[in-house]
Amino acid sequence: MLFLLATGIGSSAYAGDASCHRLLVSGNPDYPPYLWPNPDNPSELIGANADFIIQVGKEAGLEMSVVNGGPWGRVQEEIRRGNIDLIAGAFFTPSRAEYMDYLKPAFQGTRTRVWTRTNFPHAITQWHDLIGLEGITVINNSFGTKFDRFADEKLTLHESPTLAQSLRLVELGRADYLVYEDFPAAAFIAQNNLNDIVANPVEISAEDLFVTMSHSSPCNTETMRVRLSAAIRKLVDDGLMEKLLASNIAQWGRLSN
């Protein structure tokens, strides 16, 4: 289900609204503790990134509505079309920069790891150890231009719609490994008691998360970008994300138990 439709995103009424006091935000819904659907209202996303962008709005004098736009691939298509104004957390890739602006500074750093079953018979200590294996990740994910290029040229890396499905394929032995970020993967593993899935010592990438703005958003002006970037910088300097991550890791744990 595309929750965007339920919230009116993409309507002509919104597209003609030039006031831009309210911006529509989405992101990857399979991303705790950064983002996940609100169990009390699945059309909304909650998490550290949602809390952060709402605070950005308060600093900038704007209202931020953080909506569940469906799977991550669909969210990226919606921002390409201008049906979403902002994404609360995206890595930089040249292809994404063709349809959205990256607001600086980055507000959070992340690490991507390789996850396998505990009894997986092959040691994985470097990228080349993945050659010849069957990998899985979530559709339309990026892990930095260097690894993305290596994967395109050397690896068999399939995609599934959600992190939960990707982990299930690894658990069942239908995929040899998962490529995904450390916090979100660990959160899902803990929630589903997947004790036989572990991170390997090889690090795929260390990437920054940015707030991004659709080139097609009617609110995307230089003035608005400067306004938002100034608010982001202030909150980064204040160390807000560290506090938000701690509280949302605790909240995710409560919801999962």
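Some values worked out for this structure:
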quantity: Reach of K154 by Cα under 27 Å, taken over lysines that are not fewer than 8 positions away in the same chain; calculated: K146
quantity: Dipole-positive endmost among L155, G69, L167 within the chain (Cβ charges, Cα centre); calculated: G69
quantity: Bridge type composition, the chain - antiparallel percent by DSSP, nearest 5; calculated: 65
quantity: Cβ-placed point charges (K, R +1; D, E -1), dipole of the chain about Cα centre in debye, nearest 20; calculated: 180
quantity: Relative contact order %, the range 110-206, counting alpha carbon pairs below 8 Å whose residues are six or more apart; calculated: 52
quantity: Per-residue [θ]222 nm for the chain (sum of -39500 (n - 2.57) over DSSP H runs n ≥ 4, rounded to 500); calculated: -11000 deg cm²/dmol
quantity: Magnitude of the charge dipole, the range 199-257, Cβ model with Lys/Arg +1 and Asp/Glu -1, debye to 20; calculated: 300
quantity: Overall dimensions of the chain by Cα: Rg and Dmax, Å; calculated: 18.3, 59
quantity: In sequence order, calculated HN-Hα J values of the range 37-47 (Karplus, 6.51, -1.76, 1.60; Hz; x Gly/Pro); calculated: x, 5, x, 8, 7, x, 6, 10, 10, 10, x
quantity: Highest-fluctuation residue, L178, L209, L167 considered, GNM on the chain with Cα pairs under 10 Å; calculated: L209
quantity: GNM result for the chain, Cα springs below 10 Å: residue of V179, V236, V138 fluctuating most strongly; calculated: V236
quantity: GluC sites (Glu not before Pro) within the range 160-254: DSSP coil, no more than 13 neighbouring Cβ in 10 Å; calculated: none
quantity: Choice from S205, S95, S166 showing the highest fluctuation, given a GNM over the chain with Cα pairs closer than 10 Å; calculated: S95
quantity: Global form of the range 32-112, assessed from the alpha-carbon gyration tensor, a/c cut-off 1.5; calculated: rounded
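Throughout, read-outs are computed from the coordinates displayed, never taken from laboratory work. Predicted model only: the values in this text are computed from it and were never measured. Please note: Cβ atoms are built from the backbone with ideal geometry, for glycine as well, and neighbour counts cover all protein chains shown.
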